1. Sort out which residues of the range 1-15 are among the β-branched types (V, I, T) and assigned to a loop (DSSP other than H, G, I, E, B), and write them in order of number.
2. Restricting to the range 49-97, name every residue that is surrounded by 14 or more Cβ atoms within 10 Å (Cβ to Cβ), closer than 19 Å to R33 by Cβ and at pLDDT below 95.
3. For the range 122-147, give me the residue count where each residue is in a loop (DSSP other than H, G, I, E, B) and modelled with pLDDT under 95.
4. Can you pull out every residue in the range 8-23 that is surrounded by 15 or more Cβ atoms within 10 Å (Cβ to Cβ) and without any contact (Cβ under 8 Å) to a residue 60 or more places away in the chain?
5. For the condition under 21 Å from T28 (Cβ atoms), surrounded by 13 or more Cβ atoms within 10 Å (Cβ to Cβ) and not β-branched (V, I, T), what is the one hit in A147, A130?
6. If I ask for residues that are in a helix (DSSP H, G or I), within 25 Å of R127 (Cα to Cα) and acidic (D, E), which ones from the range 16-47 would you list?
Amino acid sequence: MKDLTPFIREVVPPDTGVVFEAMRALRTHYEDRDAFVARVDEVQRPEGYRLVGAFADGAGEAVAVAGFRVAHNLAWGRRFLYVDDLSTLPDARGRGHGRALLDWLADEAARCGCDQLHLDSGVGPEREDAHRLYFNAGLRIAAYHFAQGLGR
């Protein structure tokens, strides 16, 4: 297992598809690359969603990806960066790609004048490695997240 510093870059159209497999490791309900690209580029990007990918060994496809947005709300202060998605291909985990993305996101938050960086993470034994990464990167559990399906 090589541990190389990944190349990190923001992914913009028309290159959105290069993060598909890495994102699908987390968002398994996306099975079609074209549908994923359309969702990101036509629905989420207009709402402020951005993507950043980690690329290893000169690969054209990302081995890890983060989807995020910069926003405001009353609860968290002036301005924050919210990480919607952070995912690494299973065979690329444990090589520093997720940490490199978190570091890039923290730097981007500072560049954007944000006061904080936030992300939510599911719970369960399969998420323990992700949680360890978040704690090691300086994130802390700050709240419960509640949700309710509306049957639509």
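The values are calculated or read from the model by the stated rules, or taken from the named source; none is laboratory data. Note that the coordinates shown come from a computational prediction; the quantities given were computed from them, not determined experimentally. Positions of Cβ are generated from backbone atoms using ideal geometry, with glycine treated the same way; all protein chains shown enter the neighbour counts.
1. Of the range 1-15, the ones among the β-branched types (V, I, T) are 5, 8, 11-12.
Scanning the range 1-15 gives T5, V12.
2. Across the range 49-97, the qualifying residue is only A59.
3. The number of residues fulfilling the criteria is 9.
4. If we filter the range 8-23 for residues that are surrounded by 15 or more Cβ atoms within 10 Å (Cβ to Cβ), which is where we start, we get 8-9, 11, 15-23.
Selection gives R9, V11, D15, T16, G17, V18, V19, F20.
5. Numbers: A147 fails: surrounded by 13 or more Cβ atoms within 10 Å (Cβ to Cβ).
Only one candidate passes the filter, namely A130.
6. Within the range 16-47, E21 is the sole residue that qualifies.
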